[in-house]
Amino acid sequence: MPAQIIDGKKLATQLQGEIATEVSRLSSSKGIVPGLVAVLVGNNEASKVYVRNKELACKKAGFLAEQHHLPETTSETELLQLIDQLNRDAKVHGILVQLPLPKHIDEQKILRSIDPKKDVDGFHPVNMGNLLIGQPSMVPCTPLGIMRMIESIGYRLEGKEAIVVGRSNIVGKPIALLLMQQNATVTIAHSKTANLPEKIGRADVVVAALGRPEVIRGEWIKPGALVIDVGINRLPDGKLKGDVDFTGASQRAAYITPVPGGVGPMTITMLLWNTLQAAKL
Ligand code: GUN
């Protein structure tokens, strides 16, 4: 039987509706309107699209949303000054610096300069550290969105074998921690992992976050597995492909997320969610 497709777009629309309702309640009861500022440096085309989509989703949900688009030549000092100003602005509850930054700017230094309470991406070392030790923190949006998708199908992670393919700070490491918190047994694989097909073949849950189109083949997937595809790879013909061979994998998996329309819309939704939480604090 082909896999059940987890419709991220539909779930995202539903959650964004719930967030919008809460925003209008917060605004009428306390006079607080959640505010998000996105900072984009340079002209990375994909980043421009992502930031624009984030801004639009925020506005649609009734947030105050603003984008600072700075030139490629912006210095680290100038960027630090802008973040300092946003840290002090009471109307700004969330600050997002779109990655990657130009090479002459120290990414970690910039992320560390954001007030952890306004760090709606959850990339500040304080938030990352709190996530590691299981304390309340801002959780990065993509992993948070994945957990909401898993919840939405009523899937129980306890005792399951999960494999995360990719070890980035943005997705791989935090999703591994969240799966472990739910009592899954987690393997983190990456570009240097030996015998990847065999390891994937043992997994009840596969999270693919490598950023290379369709490298995870359908025939590697364990029958009945849950497959989460985080990849957003644009091919030369303009088509979007995930990291998983969807056609093959959906013949074996019990549940699978599509690309597009899977994890992507949930990432944006969790950014709204984190900003709403920051505004409530
Ligand atoms: N670049 C790729 N993904 C992300 C994300 O979730 N947040 C930010 N700020 N930059 C990114």
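The values are calculated or read from the model by the stated rules, or taken from the named source; none is laboratory data. Here the structure is a predicted model, which means the values were calculated and not measured. Counting neighbours? That spans all protein chains shown, and the Cβs are built from the backbone with ideal geometry, glycine included. Accessible surface is based on the protein model in full, side chains and every heavy atom, while ligands, DNA and RNA are left aside. Shrake-Rupley method; radii C 1.70, N 1.55, O 1.52, S 1.80 Å.
Considering only the range 100-121, state which residues are more than 12 Å from the ligand (Cβ to nearest atom) and not in a loop (DSSP other than H, G, I, E, B).
Those that are more than 12 Å from the ligand (Cβ to nearest atom) and not in a loop (DSSP other than H, G, I, E, B): Gln108, Lys109, Arg112, Ser113, Pro116, Lys117, Lys118.
Hey, among the residues in the range 81-90 that are under 27 Å from Val23 (Cα atoms) and in a helix (DSSP H, G or I), which one's farthest from the ligand (Cβ to nearest atom)?
Arg88
Checking the conditions here, which among Val263, Val205, Val259 is over 17 Å from the mean Cα position of the chain (by Cα) and crowded, with 18+ Cβ neighbours inside 10 Å?
The match here is Val205.
Name the one entry in Ser47, Ser113, Ser75 that is among the hydroxyl-bearing types (Ser, Thr, Tyr) and within 18 Å of the chain's Cα centre (by Cα).
Going through Ser47, Ser113, Ser75 in turn, just one is among the hydroxyl-bearing types (Ser, Thr, Tyr) and within 18 Å of the chain's Cα centre (by Cα): Ser47.
Quick one: count up the residues across the range 206-218 that are part of a loop (DSSP other than H, G, I, E, B) and among the hydrophobic types (A, V, I, L, M, F, W, C).
Going through the range 206-218 one residue at a time, the tally reaches 3.
Out of the range 166-217, which residues are over 22 Å from Ala254 (Cβ atoms), of a type in the set (A, V, I, L, M) and without any contact (Cβ under 8 Å) to a residue 12 or more places away in the chain?
Correct list: Ala194 only.
Determine, yes or no, whether Leu40 is open to solvent by less than 10 Å² (accessible area, probe 1.4 Å) and either in contact with a helix residue (DSSP H, G or I) (Cβ under 9 Å, 6 or more places away or on another chain) or among the small types (Gly, Ala, Ser) (or both).
yes
Here's the yes/no breakdown for (1) among the aliphatic types (A, V, I, L, M); (2) more than 16 Å from the ligand (Cβ to nearest atom); (3) out of contact with any Phe, Trp or Tyr (no Cβ under 8 Å at 6 or more places or on another chain); (4) open to solvent by 60 Å² or more (accessible area, probe 1.4 Å):
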| residue | (1), (2), (3), (4) |
| --- | --- |
| Ile163 | yes, yes, yes, no |
| Ser168 | no, no, yes, no |
| Gly172 | no, no, yes, no |
| Ala176 | yes, yes, yes, no |
| Leu179 | yes, yes, yes, no |
| Ala184 | yes, yes, yes, no |
| His190 | no, yes, yes, no |
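Under 9 Å between Cβ atoms, which residue pairs at least 6 apart in sequence (or on different chains) link something in the range 82-103 that is of a type in the set (D, E, K, R) with a partner that is within 13 Å of the ligand (Cβ to nearest atom) and open to solvent by less than 10 Å² (accessible area, probe 1.4 Å)?
Short answer, once both residue conditions are applied: Asp89/Val37.
Return yes when Glu151 is open to solvent by 20 Å² or more (accessible area, probe 1.4 Å) and either touching a residue at least 40 places away in the same chain (Cβ under 8 Å) or of a type in the set (Lys, Arg) (or both) and no when it is not.
Taking the combined requirement at face value, the residue does not satisfy it.
What residue, among those in the range 209-252 that are out of contact with any Gly (no Cβ under 9 Å at 6 or more places or on another chain) and among the basic types (Lys, Arg), is nearest to Glu45 (Cα to Cα)?
Per the stated criteria, the residue is Arg234.
Kindly indicate which of Ala194, Ala203 is in a loop (DSSP other than H, G, I, E, B) and over 17 Å from Ala225 (Cα atoms).
Ala194
Pick from His124, His68, His93: which is open to solvent by less than 50 Å² (accessible area, probe 1.4 Å), away from the ligand (no atom under 14 Å from the Cβ) and within 30 Å of Gly31 (Cα to Cα)?
Sole residue among the options that is open to solvent by less than 50 Å² (accessible area, probe 1.4 Å), away from the ligand (no atom under 14 Å from the Cβ) and within 30 Å of Gly31 (Cα to Cα): His93.
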